[in-house]
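Read through the structure below, which is laid out as structure tokens, and then see the notes.
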Amino acid sequence: MKLEVSGLNSFYGQAHILFDVGFEVGEGEVVALLGRNGAGKSTSFRSVVGLVPNRSGKVVFEGEDVSRLPPYEIARRGLGYVPEDRRIFTELTVEENFEVGRQEARPGVATWMPERIYALFPNLGEMRKRPGGHMSGGEQQMLTIGRTLMGNPSMVLLDEPSEGLAPKIVEQMADAIMTMKKEGLSIVISEQNLHFAKLISDRAYIIEKGRIRFSGTIGELEANPEIRDAYLAV
Amino acid sequence: MDFLLIQALSGLASAASLFLVASGLSIIFGVTRIVNFAHGAFYMLGAYAAFTLTDRFAGPLGFWGGLLVASLAVAAVGALMEVVLLRRIYQAPELFQLLATFGVTLMVQDLVVLIWGPDDLMGPRAPGFTGAFSLFGRLVPTYDILLILLGPVVLGLLWLLFHRTRWGVLVRAATQDREMVSSLGVNQKWLFTSVFALGVFLAALGGALQIPRTTVTHYMDLSIIVEVFVVVVIGGLGSVTGAFVAAVLVSELNAFGILVLPKISMITVFLVMAVVLVVRPWGLFGKPDAAPRASAGISVRPWKPMSALERGGVALVVLLAALLPFVSGSYALSVGSEILVFVLFAASLHFMMTVGGLASFGHAAYFGLGAYGAAFAVTYFGVPMEAALVLGPVLGLVGAVLFGWFCVRLSGVYFAMLTLAFAQITWSIAFQWVEVTGGDNGILGIWPSAWASTPQGFYWLALGVVVVGVAVLRMLVFSPFGFGLRAARDSGLRAEAIGIDAKRTQWAAFVVAGTFAGIAGALFAFLKGSVFPETLAIPMSVDGLVMVLLGGIETVSGAVVGAVVYKALAIWLMSQTELSKLVLGGIIVLLVVAFPKGIVGFIEDWRHRRPPAPNGAGPEAMGIAKVEAAQ
């Protein structure tokens, strides 16, 4: 297994957000974490990469328990994270945003250079000196993915990569994620509905009110419309 | 005309050091979000270290090398402080960070005197720049020209550092979003340490470069830090360019202000700062946002008015205090009166800080204005004590109305810095306007009326005033005004949405706190029989803050306990040791790091301790509503 998460309980202050969340991702697999707004998708991701201080449970990445490591150590082991709200550095240019994400090449993992990312997202190549704050939502989404790729991760958590994007950009995003998969990356994406996720995912989990409610293949999920209707946005 | 040019050049030369120190402060703030009060102390240490090194190693290499080595050594000290102290308090409320770094400032003041002695030191001239050249028949020191050129050079170097190196890009990224930077695999710890070291290096270099121009003194830290605060408030915290422009502006204003208003030259700077704050509250080159941080609160426990039992307990304590004159001598009573005065002072600051969420670093201004007001009333109008005790605080009130109007436009560290700057301006007026205030000699002969002139009489007067004052402040907490104030503190936007004018409410709280501080100050004037500029000075403000912190920042009236303990301790300490600042600074640092809830907060925690929840049982089991929405 590439990533094994089990018994994850997370809190924001007094509020208990995640209840014994667990999921697994195999080597080179694309897994979707589905759920409505507020179901606990982002908190799950943030807990895995060490950004929720108040949490318990186990996160095993490439066979090693990383649940007590600080976020930068987890990132340096090759577990990349692309946040939902993009969080690009608005004052920094495209090139500088990439520079922040840059890490040493990792043996056995695809190595990313700015040129390769410009090939993946040609729009970005045309605005290398533009500050992140002066870009459209779709361009910012490409930038935040590219920035994480610059760390040469072997696995990426993508938090709602299609959110708020024009259909044409969504297609481009799906192509890019498939390219990443071909490069051997393991990927977890979170989404509110099946439309985008079914294009690219092998398996899916459904989370609702902080608990995992379903686990199975995309085919199984499509064959069970009642589950889909109960837990997902249309 | 030529005279004006010379004056302008002199101003530019002064701007260089000011820029170095201010840019250091700004860079540190940008990344760590800490306003490093100890920045003035590092400036001073830089000057002292450079003095020692250049004194020992003569010649050009000794001099310039000495400056550089001194600055690097001080930067290393700064890095050590970051690792040992600041890393523990990055998550703490801003007030705690300011206080902790102020504690370090206090310690450095005593250490400097311990190492280098109390006398002013005269450094060597810079080799190769000892002369002056003639401009329109006037002499301009060549060293000044060097400094004038140095400013833009350092600005350029910093720009290159931040835009052309990986380290600089990481720093700029961290300035915007620290969490994201760490999610991308950057170890922030060392980024913070290196940024802090760079900032301290700049401060120390600013100090070291001053030794050929001015004497090295053990009080140069506080004078520069106030100027630096003014510079970063005008230029915008976090902006190096802003620091440069504002440093030039402030230095020029100082240089020309002396010509216009020789007695109160700070006024010109104050006026410019006021205009900038009204037009652009975040400074000329700053950014509006500055992510508002949560209020001072560490934990949440709703405040309640006292129960009947608690009221009885308080009444008993007051009764016992009233009986003190029957059992103790004059000295104990005058100490008691002084403690009472500070109880009211601390309670007024506490009201503003905990109920209003406005942590003032210049509350002494209103205490001192009350004291001076009473002294003016007695000296210039010949009124008796009873009237002066009313008139004096009016001056505190007026000061709070004026300064408060500007201050409540800001929040957090900006608020703290601005209150400090206003207090310092008030101090410098009291210090410089000798004709009216007597300057350093103060105003003497402020004696109480006959009935209150015995230690017993004055003690009872103070007790009466202070008990009523504290009671009124406490009643305000549980009045509609107090609720509105707490709403404005916890969420300004939501308070506005339900019809509370947040700024106006905070302004009112500022004025209330200033007035009660003024009452304490007026009492203080009659207790001492005199008024000096010290009543307005920074240490007085910080005493108040420490009392509040010691009592407990989250309590309703913890400052009362804090003031009694702190003042008694301080008076005892003064009689025991020469190094009271070192001890006091150490206590402040310790308090912030190890005991952040204060005495009363600690007791309340203990009283309200909940049995730990059984494993797995979340807040649901404890009857606390579960938050459904989660990101």
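Where a number appears in this text, it was derived from the coordinates with a stated rule and is not lab data. Here the structure is a predicted model, which is why all the values come from computation and not from measurement. Heads up, the Cβs are rebuilt from the backbone with ideal geometry, glycines too, and the neighbour counts pull from every protein chain shown.
Volume of the convex hull of region B:121-179 (Cα atoms only), normalised per residue: 163 Å³. Projected onto the charge dipole of the protein assembly as shown (+1 at Lys/Arg Cβ, -1 at Asp/Glu Cβ, origin at the Cα centre), which of B:Gly185, B:Ala247, A:Phe214 gives the Cα projection farthest towards the positive end? The Cα lying farthest towards the positive end belongs to A:Phe214. Label positions at B:Lys189 and A:Asn193, each projected 7 Å from the Cα along the C-beta direction, are separated by 4.6 nm.
Overall, the ratio between the Cα radius of gyration of region B:334-541 and 2.2 N^0.38 Å, rounded to two decimals, is 1.01. Dipole orientation for region A:87-174: of the candidates A:Ile88, A:Leu158, A:Val109, A:Val109 has the Cα lying most toward the positive pole (charges on Cβ; Lys, Arg +1; Asp, Glu -1).
Could you let me know the centre-to-centre spacing of region A:16-63 and region B:158-222, using Cα atoms, in angstrom? If we compute the Cα centre of each part, the gap is 36 Å. Ranking of B:Phe458, B:Phe595 by neighbouring Cβ atoms within 10 Å, starting from the fewest: B:Phe595, B:Phe458. Dipole magnitude for chain B: about 1260 debye, using +1 per Lys or Arg Cβ and -1 per Asp or Glu Cβ, origin at the Cα centre.
Peptide B:170-181 is shielded by partner chain Cβ atoms: per residue, an average of 5 of them sit within 10 Å of its Cβ. Put simply, when B:354-362, B:322-330 are sorted by average Cβ atoms within 10 angstrom per residue, most first, you get B:354-362, B:322-330. For the protein assembly as shown, the gyration tensor built on C-alpha atoms gives an oblate shape. Its axis ratio a/c (a ≥ b ≥ c) is at least 1.5, and a/b is not larger than b/c. Other residues within the sphere of radius under 14 Å centred on the Cβ of A:Arg76, judged by their own Cβ, net out at 0 (K and R +1, D and E -1). What the Kirkwood sum gives for region A:3-231 is a hydrodynamic radius of 17.8 Å, with every pair of different alpha carbons counted. For region B:96-140, backbone nitrogen atoms closer than 15 Å to the point 7 Å from B:Asp55 Cα along Cα-to-C-beta are found at B:112-125. Sequence-distant contacts, meaning Cα pairs under 8 Å at least 6 residues apart, place the relative contact order of chain A at 28 percent. Sorted fewest first by neighbouring Cβ atoms within 10 angstrom, A:Glu139, A:Glu115 come out as A:Glu115, A:Glu139.
Of all DSSP beta bridges in the protein assembly as shown, what percent run antiparallel (nearest 5)? Here the share of antiparallel DSSP bridges comes out near 60 percent. B:Glu179 sits among other residues whose Cβ lies under 12 Å from its own Cβ, and their net charge, with Lys and Arg +1 and Asp and Glu -1, is +1. Rounded to the nearest 500, the helix-only mean residue ellipticity at 222 nm of chain B stands at -23000 deg cm²/dmol, with each DSSP H run of n ≥ 4 adding -39,500 (n - 2.57). Placing +1 on the Cβ of every Lys and Arg and -1 on the Cβ of every Asp and Glu, with no other charges, gives region B:2-218 a dipole of roughly 540 debye about its Cα centre. If you average the sequence gap of Cα pairs under 8 Å that are 6 or more apart and divide by the length of chain B, what percent do you get for the contact order? Relative contact order, chain B: 19 percent. As a calculated quantity, the FRET efficiency between A:Arg68 and B:Ile571 at R0 = 56 Å, using C-beta atoms, amounts to about 0.70. When both region A:119-185 and region B:426-468 are represented by their alpha-carbon centers, they are found 69 Å apart. For the pair B:Ser307 and B:Asp490, a Förster radius of 22 Å applied to the C-beta separation gives a FRET efficiency near 0.35, rounded to the nearest 0.05.
Overall shape of region B:453-609 was characterised from the C-alpha gyration tensor. The equivalent ellipsoid obtained from it has semi-axes of 29, 22, 16 Å, in decreasing order.
Among residues other than B:Val408 whose Cβ falls under 12 Å from its Cβ, what is the net charge (Lys/Arg +1, Asp/Glu -1)? Neighbour charge sum, excluding B:Val408 itself: +3.
Counting Cβ atoms of other protein chains within 10 Å of each residue's Cβ and taking the mean over peptide B:242-249 gives 0. For region B:438-443, backbone phi angles converted through the Karplus equation (6.51, -1.76, 1.60; θ = phi - 60°) give residue-by-residue couplings of x, x, 4, 7, x, 10 Hz, Gly and Pro being listed as x. If I fit a long axis through the Cα atoms of helix B:2-32 and take the longest principal axis of the Cα atoms of chain B, what angle between them do I get, 0 to 90°, rounded to 10? Approximately 60 degrees, to the nearest 10.
Rounded to the nearest 0.05, what FRET efficiency do A:Val109 and A:Phe19 give with R0 = 41 Å and r taken as the Cβ-Cβ distance? Could you check? Efficiency, rounded to the nearest 0.05: 0.75. Among the residues of A:10-18, the average count of other protein chain beta-carbon atoms within 10 Å of the residue beta-carbon is 5.
Binning the C-alpha pair distances of region B:97-141 at 5 Å intervals from 0 yields a P(r) profile of 5, 15, 12, 12, 11, 10, 11, 11, 9, 4, 0 %, listed from the shortest bin outward.
Taking 17 Å as the straight-line reach from the Cα of B:Lys189, the aspartates and glutamates in range (excluding those fewer than 8 positions away in the same chain) are A:Glu73, B:Glu82, B:Asp177, B:Glu179. The order of the peptides B:52-60, B:195-203, B:597-605 by mean Cβ neighbours within 10 Å, most packed first, is B:195-203, B:597-605, B:52-60. Rg/Rh for region B:486-552 (Cα atoms only, Rh after Kirkwood) is 1.13.
If you sort the three axes of the alpha carbon gyration tensor as a ≥ b ≥ c, you get a/c of 1.5 or more for chain B and a/b no higher than b/c, which makes it oblate. Separation of the alpha carbons by more than 22 angstrom is noted, of A:Lys2/A:Lys58; B:Lys528/B:Lys597; A:Lys58/A:Lys198; A:Lys58/A:Lys209, for B:Lys528/B:Lys597; A:Lys58/A:Lys198. Put in order of Cβ neighbour count within 10 Å, fewest first, the listed residues A:Glu226, A:Glu160, A:Glu208 become A:Glu226, A:Glu208, A:Glu160. If you take the Cα centroid of region B:77-104 and the Cα centroid of region B:527-561, the two points sit 21 Å apart.
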